[in-house]
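The next block holds one structure in the form of C-alpha cells; read it before the comments.
Derivation of every value follows stated rules applied to the coordinates shown; laboratory data play no part. This structure is a prediction, so every number in the text was calculated from the model and none was measured. Cβ placement follows ideal geometry from the backbone for every residue including glycine, while neighbour counts extend to all protein chains displayed.
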Amino acid sequence: MRKRIVAGNWKMNKTYEEALSLVSEIDNMVKDEVNGDVTVIVAPPFPYLQSVGKLTQGNDRMFLAAQNVSEHESGAFTGEVSAAMLKSVGVEYIIIGHSERRMYHHEDAQTLYKKLKAAIAQGMTPIFCCGEPLEERDADRHFDYVGKQLHDSLSYLSNEEFDQVVVAYEPIWAIGTGRTASSQQAQEMHAYIREQLSRMFDAEAAFNTSILYGGSCNPGNARELFSQEDVDGGLIGGASLKSRDFTDIIKSF
Ligand code: PEP
C-alpha cells in the first residue's frame with residue numbers, strides 16, 4: 001500500500017532553541033489532532049537532528065529526515081556527512097536531489113544516483129526530488145524534463161532498491177514563490193511519473209511508490225492537491241516552519 005506522507009523541509013532555518021520548540025509543538029499537535037494513517041517527517045538542519053529525533057521518539061507517526069547526504073561511505077571529505085552517520089543518530093529518510101542542491105551545489109544525475117545508493121545501502125528511505133524550471137514548462141517540455149531526471153538517477157537501481165524510494169515532484173517555479181501547481185497540473189505530472197516508474201521497475205512497485213507534491217503547499221491548497229489520485233502527500237518548505245500551518249497540512253488528507 002502507498003504511504004501517505006507529509007514531510008517538512010526546514011532548509012537552513014531556525015536556531016537550536018527555535019527548532020526544539022517547533023518540533024515539540026508539531027509533536028503535540030500531531031498527537032492531539034491527527035487521526036488516521038499519515039507518516040509525518042521533519043527534516044531539520046544537520047546539527048539539530050539528534051535532539052529533534054529524541055523529541056519525536058515517543059510518537060510513532062513522526063520520523064526524522066536529513067536534507068542531504070554524502071555519496072561517499074567515509075574518509076577525507078571535509079564537511080560531508082555519511083548515510084551511516086545519519087542512521088546512527090536516528091535518521092530514517094533523506095531528501096536527495098532537491099532543486100536547491102542541484103542548482104547551488106551542482107549535484108548532477110550521477111552524483112544523485114550515488115547518494116541514492118548510499119542511503120539505500122543503510123536501509124534508509126530517499127525522498128528523491130524532481131521538477132522542471134519555468135522555461136521548460138513554458139516551452140511545454142516539462143514531461144520530458146522530469147522523465148529524464150527520473151531516468152538519469154533512478155533507472156540504475158534494482159527493483160529491490162527502488163522499493164525503498166519516495167519521489168517528490170517539485171516544480172521549481174512553485175518553490176517558495178507562492179505560486180502553486182494547480183491540482184490538475186500536479187495530478188497529470190504525478191501520473192506521468194508513476195507511468196515512467198512502471199517502465200523502469202515492476203508495475204506493482206511503481207503503483208506502491210508514494211509521490212509527494214512540493215511547491216508553495218499550504219493549509220489553503222493542500223486538501224485539493226492531496227485529493228488527487230496520484231498525489232500521496234507533500235514535501236513542504238515554508239509552511240513547515242509554522243507548527244499550526246504544518247499540522248493543518250497534515251490534517252488535509
Ligand atoms: C521545498 O523547497 O521543498 C518546498 C516545497 O518549498 P516551499 O513549500 O516553500 O515552496
Place a +1 charge on the Cβ of each Lys and Arg in region 23-171 and a -1 charge on the Cβ of each Asp and Glu, then give the dipole magnitude about the Cα centre in debye, rounded to the nearest 20. 440 debye
Euclidean distance between Cα centres, region 128-159 to region 171-236, Å: 13 Å
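Of the listed pairs K115/K242; K31/K114; K148/K242; K14/K117, which have alpha-carbon separations greater than 32 Å here?
K31/K114; K148/K242
Normalising by the residue count of region 1-73, find the relative contact order in percent from Cα pairs under 8 Å and 6+ residues apart.
Relative CO of region 1-73 lands at 38 percent.
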Using R₀ = 25 Å, calculate the FRET efficiency as 1/(1 + (r/R₀)^6) where r is the Cβ-Cβ separation of R179 and K148; round to 0.05. 0.60
Total charge dipole magnitude, the chain, about the Cα centre, Cβ charges on Lys, Arg, Asp, Glu only, Debye to nearest 20: 460 debye
Amide H contacts of S210 (H built 1.01 Å from N, under 5 Å, at least 5 apart or other chain): K3, V167
Simple spin-label model, 7 Å along Cα-to-Cβ: E229 to A203 in nm? 1.4 nm
Apply the Karplus curve 6.51 cos²θ - 1.76 cosθ + 1.60, θ = phi - 60°, to the phi angles in region 95-107 and return the couplings in whole Hz, x for Gly and Pro. 6, 10, x, 4, 4, 5, 6, 4, 7, 7, 10, 6, 6
Taking a spot 7 Å from the Cα of K3 along the direction of its beta carbon, which residues of region 124-168 have an amide N less than 11 Å from it? 124-127, 164-167
Residues with amide H under 5 Å of G8's amide H, sequence separation 5 or more or different chain, H placed in the peptide plane at 1.01 Å from N; which? I41, V42, A43, I236
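Can you give the extra length, in nm with one decimal, that the chain gains between E18 and S74 once fully stretched, where that is 0.36 nm per residue apart less the Cα-Cα distance? Numbers along the way, then the final one.
Working: separation 56, 0.36 × 56 = 20.16 nm, distance 3.11 nm.
Full extension from E18 to S74 adds 17.1 nm.
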With θ taken as phi - 60° and the coefficients 6.51, -1.76 and 1.60, list the Karplus ³J(HN,Hα) couplings across region 213-224 in order, rounded to whole Hz; mark glycine and proline as x. 9, x, x, 6, 6, 8, x, x, 10, 5, 4, 5
Relative contact order of the chain, defined on C-alpha pairs under 8 angstrom at six or more residues apart (%): 22 percent
Got a sec? Which residues in region 111-126 would a label at Y156 touch, if it sits 7 Å along Cα→Cβ and we count backbone N under 18 Å? 111-122, 126
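Per residue, how big is the convex hull of region 1-100 when only Cα atoms are used? Give it in Å³. Let's see the in-between values first.
Values: hull volume 11.7 nm³, N = 100.
Cα-based convex hull of region 1-100, divided per residue, equals 117 Å³.
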Largest fluctuation, T56, T209, T177 only, Gaussian network model of the chain with Cα springs under 10 angstrom, belongs to T177
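Would you please give the FRET efficiency between E25 and D140, computed as 1/(1 + (r/R0)^6) with r the Cβ-Cβ distance and R0 = 51 Å, to the nearest 0.05? Please report the intermediate quantities before stating the final value.
Values: r = 43 Å, r/R0 = 0.84.
For E25 and D140, the calculated efficiency is 0.75.
So if I place +1 on the C-beta of Lys and Arg and -1 on the C-beta of Asp and Glu, and nothing else carries charge, what would the dipole magnitude of region 107-191 be about its Cα centre? I want it in debye, nearest 20. Intermediate values should be presented prior to the final figure.
Values: 7 positive and 14 negative charges, 46 e Å.
For region 107-191, the charge dipole is close to 220 debye.
Hey, with R₀ at 25 Å, roughly what FRET efficiency would Y104 and Q50 work out to, going by the Cβ-Cβ distance, to 0.05?
On the way: r = 26 Å, r/R0 = 1.03.
Efficiency, rounded to the nearest 0.05: 0.45.
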Most positive-pole-ward Cα, G8, S155, Y169, against dipole of the chain from beta carbon charges: G8
